[in-house]
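Enquirer: Here it is, the structure, as structure tokens.
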């Protein structure tokens, strides 16, 4: 859908600015400042997807007073449900996010990227607990009606959009296929 780089003219930028404004006024202000500084706005695809995910979630872009981690998690859960993503073992997921709140801004990126590459997929956010060792992490499952030769490639592309951002985080989210 997007090229590696998206170049917007001032006319196109105004349209994007209006769409972003609807997602969050703070992000719109940021885009407006960039438009004023440059005649064209070039955004790398990953950064653009990240901005859209964050604007849609709007958990950290707004200049609201400090909000508790618990409130941030509940806001994220509401956003996840609005995206049509199923939440399994919600209490365990909540506990994991309380332990690793650095994932709160990664989850929207993971969901948006996965939705982009699997628009037909049923997504489920759950927690995986290894039965043999004391290890757990979040897992975003993609369930498809039919799997074909493009599935693995699409999975890798979806994961690539947020995988690098996980390198400096303590928590983890894994994207995988649900073959049920």
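Enquirer: Of all DSSP beta bridges located in segment 69-177, what percent are antiparallel, nearest 5?
Expert: Percent antiparallel among DSSP bridges in segment 69-177 is about 55.
Enquirer: At 10 °C and a viscosity of 1.306 mPa s, what translational diffusion coefficient does Stokes-Einstein give for segment 69-177, taking Rh as the Kirkwood radius over Cα pairs? Give it in µm²/s as a whole number.
Expert: 112 µm²/s
Every number in this text was worked out from the coordinates using simple rules, so none of it is lab data. Quick caveat: nothing in here was measured; it's all calculated off a predicted structure.
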